[in-house]
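To start, the structure itself, in structure tokens.
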């Protein structure tokens, strides 16, 4: 069922994959993005906080979950630039071609999205 009246969705992934619980949250965030895409909705995925590590890991072609990442890759807005630098994955994100999001003081602007009527889901 496609509902073209549904507002756009921003999926913000803060989780890491260093625990089973965290990895499940990352996967669930990406699966939700995939569901929106397959339903014809508008979605973007942002990796923020320590979640930038998961974004870089899943984007790596050698990672076991890269296939899922690739299915939503065209909707990945990127990783938080500030957090990527803070958690030591900035260079790897650049090598993998992941965009850096720096809309508000080198962070994604969730407020800008709220103003635009975007639903924000966090994982």
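Considering every alpha-carbon pair of region 1-93, the percent of pairs per 5 Å bin, from zero through the bin containing the longest distance, is 3, 15, 25, 25, 17, 8, 5, 1, 0. For the chain, a Gaussian network of Cα nodes joined below 10 Å ranks 23, 112, 34 by mean-square fluctuation, and the top entry is 112. Normalised radius of gyration (Cα atoms, divided by 2.2 N^0.38 Å) for region 1-49: 1.24. Stokes-Einstein diffusion of region 56-123 at 10 °C, 1.306 mPa s viscosity, Kirkwood radius from Cα pairs, rounded to a whole number: 122 µm²/s. Of all DSSP-defined beta bridges confined to the chain, some 5% are antiparallel rather than parallel.
Where a number appears in this text, it was derived from the coordinates with a stated rule and is not lab data. Note that the structure is predicted; figures quoted are calculated from it, not measured.
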